[in-house]
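Here the structure is laid out as structure tokens; the discussion comes afterwards.
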Amino acid sequence: MTAPSAIPRIAIVGGGFAGVAVALRLLRQSPVPLHIDLIEPAETPGLGVAYATALPHHLINGISKMISLFDDEPGHFTDWLARQVAAGAWTPPEGVALGDSLPPRRLYGAYLQEAWTTCMATHPAALREGLTLEHLRARATGLQRVGKSYVVTLGDGRRRHADKVVLATGLMQRRAKDLPFAIDDAVLASRAYVHDQWAPGALDGIARGRRIVYLGAGLSALDGLISAEHAGFRGEHVAISRKGLAVNERRALEPWPDFVEIPEHGLTLRELVRQVHPQLRRLRAQGEDWQRIVPTLRLHVDALWARASEAERRRFVRTLRSLWDVSLHRSAPVALAWQTRVKADGRYRHEAGQLLAVEALADGRLAVRWRERGGTAVHTLEADRVVNCLGFEYDWRRSDDPLCRDVLARGLVLPDPLGFGLQAARDTCALLDAHGHPQAGLHAVGHPLRGVFWESNAVTEHIPQVGKVTRALIAQLEAARIEERAVA
């Protein structure tokens, strides 16, 4: 095990966007000597699930000017993107300003990786005087508090001492037993069932298929359709979703004038709806696009969620979450055009209903049973591939990941009561322990904080969290240095 050191050590668990962003910010901004362990099994950090795709038609769901790695350099990404456009790597849609464009996710992944490799190539052993970084190609499987510091256990048995820890663990796949329909081992073992469509080879051989069924109809299902068409599939696409809500095209519009009034005690969901409905009537009466109201509401989501009671949060998740998600998370026109073309060919349909079961057939295909929405009729669809697009798991209590199980068992974290990650202090992203106390020195960023910051499933929300975490860590390091000097 690495021994405690005079130089503070920070362990960052996870090397997707969030982990890389925290590491790079610390290396740029720390005024004190520091060693960082970035714990990430991938050879080159930065991609995660979101940016590992190689397809040019899988687009990022955030405009370019809002997703710079560094909040003190808001043009960092758009400047990089402009160089890519000049080099012919990508052509933005005609009539769309570069800062308002939605570039391919693979380009954003290249941006993150370039920032990482540039940083490492500068001088990997001493990036700046007293600042060092080591990339540990392993998974973290355990975390233990020892006095005022921590010990991180890795999958290969190594143990690393850390004064501070940041959990940037990213997205988790749902376990089969937690899926909202019946599924057995024969289906899970079948090549026809695609649990992770972004895994290498997930859609190999699909060009010979006649039908794909998507469990869900959101942006992940659109990704699947694009991937299949790109691979040569020319059969039928069928999406099944509970409420039948379709993906909307993102249109570039001026936000509707702000109208939301939030009293000090917060708003109930019913009170918010009473403010929204008259504005929607005005929009319709003036012939305006309903999408103008979405960014106006988005400005207030963080404050509304922060002040909402647990009961109001549950009510939102139960009654309006699906509608809000499909209104906010819209598709770039160039991506949705794939679905539009397939629909025009008569090869796409969207069914609304409840999934009941996925079953294996003797010929290697799968059968999907579902009940139509508002009715009792049960239908069966046979498919060459069934692609799970029902979203990721946020509830750490439902994860079989060794790290998740370990920190829960040790009481180092407090699960969100609604199952959206972990509870944390909003100002520093310091995780609460099992007794509800913030722990200076144990922080999280990104997807684990979905229950703290409702839109923490988007890079635009991760960026300010990265700032909060790095500022908190630097403040702690500076305070420790002052204390050491006072004692000396």
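Output yes when any residue across the range 438-447 is in the same structural domain as residue 187 (by the TED database) and out of contact with any strand residue (DSSP E or B) (no Cβ under 7 Å at 6 or more places or on another chain), and no when none is.
The answer is no, given that none of the residues of the range 438-447 is in the same structural domain as residue 187 (by the TED database) and out of contact with any strand residue (DSSP E or B) (no Cβ under 7 Å at 6 or more places or on another chain).
Among the candidates 363, 384, 433, single out the residue that is in the same structural domain as residue 226 (by the TED database), free of Cβ contacts under 8 Å to residues at least 24 places away in the same chain and of a type in the set (Asp, Glu).
Criteria check complete, one pass: 363.
What are the pairs with Cβ atoms under 6 angstrom where one residue, in the range 32-48, is assigned by the TED database to the domain that holds residue 20 and the other, located anywhere, is among the charged types (D, E, K, R)? Sequence gap at least six, or different chains.
Within 6 Å, the pairs are 32/481; 35/9; 37/134; 37/160; 41/137; 41/139.
Residues are listed down the side, and each one gets a yes or a no for (1) surrounded by 12 or more Cβ atoms within 10 Å (Cβ to Cβ); (2) out of contact with any Cys (no Cβ under 8 Å at 6 or more places or on another chain); (3) outside the structural domain of residue 43 (by the TED database); (4) in contact (Cβ under 8 Å) with a residue 24 or more places away in the chain:
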residue	(1), (2), (3), (4)
65	yes, yes, yes, yes
68	yes, yes, yes, yes
74	yes, yes, yes, no
88	no, yes, yes, no
115	yes, yes, no, yes
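Each row is one residue, and each column tells you yes or no for (1) assigned by the TED database to the domain that holds residue 450; (2) within 30 Å of residue 99 (Cα to Cα); (3) not hydroxyl-bearing (Ser, Thr, Tyr).
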position: 274; (1), (2), (3): no, no, yes
position: 286; (1), (2), (3): no, yes, yes
position: 302; (1), (2), (3): no, yes, yes
position: 316; (1), (2), (3): no, no, yes
position: 319; (1), (2), (3): no, no, no
position: 323; (1), (2), (3): no, yes, yes
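Please verify whether the range 229-239 includes one or more residues that are modelled with pLDDT of 95 or more and assigned to a helix (DSSP H, G or I).
yes
Each row is one residue, and each column tells you yes or no for (1) in contact with a Phe, Trp or Tyr (Cβ under 8 Å, 6 or more places away or on another chain); (2) surrounded by 15 or more Cβ atoms within 10 Å (Cβ to Cβ).
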{"position": "344", "(1), (2)": "no, no"}
{"position": "347", "(1), (2)": "no, yes"}
{"position": "355", "(1), (2)": "yes, yes"}
{"position": "359", "(1), (2)": "no, yes"}
{"position": "366", "(1), (2)": "yes, yes"}
{"position": "378", "(1), (2)": "yes, no"}
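Somewhere in the range 299-320, is a residue among the hydrophobic types (A, V, I, L, M, F, W, C) and part of a strand (DSSP E or B)?
No.
Counting just the residues of the range 32-43 that are in contact with a Gly (Cβ under 8 Å, 6 or more places away or on another chain) and either among the β-branched types (Val, Ile, Thr) or not in a loop (DSSP other than H, G, I, E, B) (or both), which one comes out surrounded by the most Cβ atoms within 10 Å (Cβ to Cβ)?
Of everything passing the filter in the range 32-43, 39 is surrounded by the most Cβ atoms within 10 Å (Cβ to Cβ).
Regarding residue 422, is this residue buried (at least 22 other Cβ atoms within 10 Å of the Cβ), at pLDDT 95 or above and not polar (S, T, N, Q)?
Taking the combined requirement at face value, the residue satisfies it.
I need a count of the residues in the range 152-181 that are modelled with pLDDT under 95, loosely packed, with under 13 Cβ neighbours inside 10 Å and in a strand (DSSP E or B).
Residues in the range 152-181 being modelled with pLDDT under 95, loosely packed, with under 13 Cβ neighbours inside 10 Å and in a strand (DSSP E or B): 0 in total.
Restricting attention to the range 389-420, which residues are closer than 30 Å to residue 226 by Cα and either part of a loop (DSSP other than H, G, I, E, B) or without any contact (Cβ under 8 Å) to a residue 24 or more places away in the chain (or both)?
Hits for the range 389-420 are 389, 390, 391, 392, 394, 395, 399, 420.
Surrounded by 16 or more Cβ atoms within 10 Å (Cβ to Cβ), out of contact with any Pro (no Cβ under 8 Å at 6 or more places or on another chain) and of a type in the set (Asp, Glu): is that true of residue 229 in this structure?
yes
So which residues in the range 91-113 are in contact with a helix residue (DSSP H, G or I) (Cβ under 8 Å, 6 or more places away or on another chain), outside any helix (DSSP H, G or I) and touching a residue at least 12 places away in the same chain (Cβ under 8 Å)?
Result: 93, 101, 102, 103.
Taking the range 250-267 only, how many residues are over 15 Å from residue 299 (Cα atoms) and modelled with pLDDT of 95 or more?
Number satisfying all stated conditions: 0.
Tell me, please, whether a residue that is in contact with a strand residue (DSSP E or B) (Cβ under 7 Å, 6 or more places away or on another chain) and either buried (at least 16 other Cβ atoms within 10 Å of the Cβ) or assigned to a loop (DSSP other than H, G, I, E, B) (or both) can be found in the range 253-269.
There is no residue in the range 253-269 that is in contact with a strand residue (DSSP E or B) (Cβ under 7 Å, 6 or more places away or on another chain) and either buried (at least 16 other Cβ atoms within 10 Å of the Cβ) or assigned to a loop (DSSP other than H, G, I, E, B) (or both).
Kindly provide the set of residues from the range 120-142 that are at pLDDT 95 or above and closer than 19 Å to residue 22 by Cα, ordered by number.
The answer is 136, 137, 138, 139, 140.
If you check 14, 46, which single one turns out to be under 30 Å from residue 146 (Cβ atoms), out of contact with any Asp or Glu (no Cβ under 6 Å at 6 or more places or on another chain) and crowded, with 24+ Cβ neighbours inside 10 Å?
Step by step, each of 14, 46 is checked, and only 14 is under 30 Å from residue 146 (Cβ atoms), out of contact with any Asp or Glu (no Cβ under 6 Å at 6 or more places or on another chain) and crowded, with 24+ Cβ neighbours inside 10 Å.
State whether the residues of the range 447-456 include one that is of a type in the set (Ser, Thr, Tyr) and crowded, with 18+ Cβ neighbours inside 10 Å.
Within the range 447-456, one or more residues are of a type in the set (Ser, Thr, Tyr) and crowded, with 18+ Cβ neighbours inside 10 Å.
The values are calculated or read from the model by the stated rules, or taken from the named source; none is laboratory data. As the structure is a computational prediction, the values presented were derived from the model and not from experiment. Cβ: placed from backbone, ideal geometry, glycine included. Neighbour counts: every protein chain shown.
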